[in-house]
Amino acid sequence: FPTEAALDAARESGRRAYELDRAHVFHSWSAQAQLKPMTILGAAGSYVWDGDGNRLLDFSSQMVNTNIGHQHPKVVAAIAEQANKLCTVAPAHVNDARSEAARLITERTPGDLDKIFFTNGGADAVEHAVRMARLHTGRRKVLTRFRSYHGGTDTAINMTGDPRRWPNDYGAAGVVHFFGPFLYRTEFHSTDQQQESERALAHLESVVAMEGPQTIAAIVLEPVPGTAGIMVPPPGYLEGVRALCDRHGIVMIADEVMAGFGRTGKWFSINHSGVTPDLITFAKGVNSGYVPLGGVAINGEIAATFADRPYPGGLTYSGHPLATAAAVATINAMTDEGIVDNAARIGAEVLGPGLEKLAEFHPSVGEVRGVGVFWAVELVKNPHTREPLAPYGGSSAAMSEVLGACKKGGLLPFANFNRIHMVPPCNVSDSEVAAGLEILDSALAVADTFVD
Ligand code: PLP
């Protein structure tokens, strides 16, 4: 935890950083002149310090990234040690950090996903998984959900279902979208989860039939969609998608970029089902985002496609030693410190029940849903009509006020449209969750004032 003197010095450099940022940094997904970005001066564990030196609970985990919390000493030390030993090496060479990271990851993937292609982050992992599926099947089309996010690069943003696709979509990327199960805003007029699961599967089956199964390379889905709203799949849904893929020789790709590496209380979110996908994409939690890293875990059959035929793709930084050394330290620390089990326990005993309690008392809360340390609070103007507190793809003064109240109270959640996501590190403590819930309680009182 920084001292007051250290914070004073950081405040001064933070002011200068802010000026330089506004002069020279071009930010993602934003109208540049309208931005007022928050400065982060430092961080430790579940906390960050803002530009004024205020301490906030980081329940955003910086884009759902720091699964092991900020500045974990074992990971910081591993990066420093690797930096002193070897900072960079071309992907064609063997490197001990990369080999060990691949071993540790494949030990945790389901089935025979025993090979890892390393990338720099999530979007390029998705791009490569799709390329592998297309080359493996000789087909071009890819099916993805409307409520999804798969990354900001060309194919990945076209695969994305959420409104960030709209200004990027030229309609020629070979992507077809479908509806996944989401009982609270059901497209299928279902009344319970079982019905929603069956109807969503029947819908997907129709989409496959209408598109022509022989034209479809892959179905790509986040087992638990993240940015799109943390919808835990109903019973049988993932099993049904797997069976559909098997029937038609379609590659099943699980995008675990956000939900993987402990976030849902298991190493991968698909592990909550009995399903083994053909490819898994990952990033973020693999090394808590300390150094950019992503990858694709590949099953035996798809790996064999490229046994005697070159895989036509690569990246200069693939399996970068600093990033993979951070992955080795992260995965080992998560294992040794029981951090994945902590995420499961916190979700089942503290964060989940705490949020459900808040939903009982606040009319602005339409629904809370989630698993592990992966929870969404869906805010509505009217609990009966379920009209959202901000429109799909947009913002609202009401949401800004609610988020302002969170920040004022000392809580930084992840927010998207009408939702607040409570996504702390997987090693968050019971008392930190209790403190976060108390602040959220006050912020929801502000949301309640906007209810019709
Ligand atoms: N896939 C999913 C499920 C994601 O949540 C994200 C990012 O949030 C991505 C892909 C893209 O990852 P990146 O931003 O590292 O490119």
Check: Quick one: would you say R263 is crowded, with 23+ Cβ neighbours inside 10 Å and assigned to a loop (DSSP other than H, G, I, E, B)?
Finding: yes
Item checked: V251 within 11 Å of the ligand (Cβ to nearest atom), touching a residue at least 12 places away in the same chain (Cβ under 8 Å), under 21 Å from I116 (Cβ atoms) and surrounded by 24 or more Cβ atoms within 10 Å (Cβ to Cβ) -> no
Check: Looking at (1) farther than 30 Å from A77 by Cβ; (2) buried (at least 23 other Cβ atoms within 10 Å of the Cβ), which is the only condition F306 fails?
Finding: (2)
Check: Which of the residues spanning the range 60-76 are within 16 Å of the ligand (Cβ to nearest atom) and more than 10 Å from G289 (Cβ to Cβ)?
Finding: S60
Check: Only one residue in D154, D169, D192, D162 is more than 14 Å from V220 (Cα to Cα), of a type in the set (D, E), outside the structural domain of V380 (by TED's automatic domain parsing) and touching a residue at least 40 places away in the same chain (Cβ under 8 Å), so which one is that?
Finding: D162
Item checked: Options T109, T119: the member that is closer than 17 Å to I280 by Cβ, buried (at least 24 other Cβ atoms within 10 Å of the Cβ), away from the ligand (no atom under 16 Å from the Cβ) and not hydrophobic (A, V, I, L, M, F, W, C) -> T109
Next item on the list: Please verify whether the range 334-353 includes one or more residues that are in contact (Cβ under 8 Å) with a residue 12 or more places away in the chain, in a loop (DSSP other than H, G, I, E, B) and surrounded by fewer than 23 Cβ atoms within 10 Å (Cβ to Cβ).
Entry: yes
Next item on the list: Sort out which residues of the range 153-170 are surrounded by 17 or more Cβ atoms within 10 Å (Cβ to Cβ), near the ligand (Cβ under 9 Å from one of its atoms) and not hydrophobic (A, V, I, L, M, F, W, C), and write them in order of number.
Entry: T160
Next item on the list: Consider P233 carefully, then state whether it is buried (at least 24 other Cβ atoms within 10 Å of the Cβ), within 15 Å of the ligand (Cβ to nearest atom) and modelled with pLDDT of 95 or more.
Entry: yes
Check: Taking the stated definitions as given, is S288 in contact with a helix residue (DSSP H, G or I) (Cβ under 6 Å, 6 or more places away or on another chain), part of a loop (DSSP other than H, G, I, E, B), among the polar types (S, T, N, Q) and within 24 Å of M63 (Cβ to Cβ)?
Finding: yes
Notebook entry, point to check: Is it the case that some residue within the range 196-216 is under 21 Å from K266 (Cβ atoms) and either more than 16 Å from the ligand (Cβ to nearest atom) or without any contact (Cβ under 8 Å) to a residue 24 or more places away in the chain (or both)?
Noted result: yes
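The values are calculated or read from the model by the stated rules, or taken from the named source; none is laboratory data. Fair warning: this is a prediction, and the values are worked out from it, not measured in the lab. All Cβ positions, even for glycine, are placed from backbone atoms using ideal geometry, and neighbour counts span all protein chains on display.
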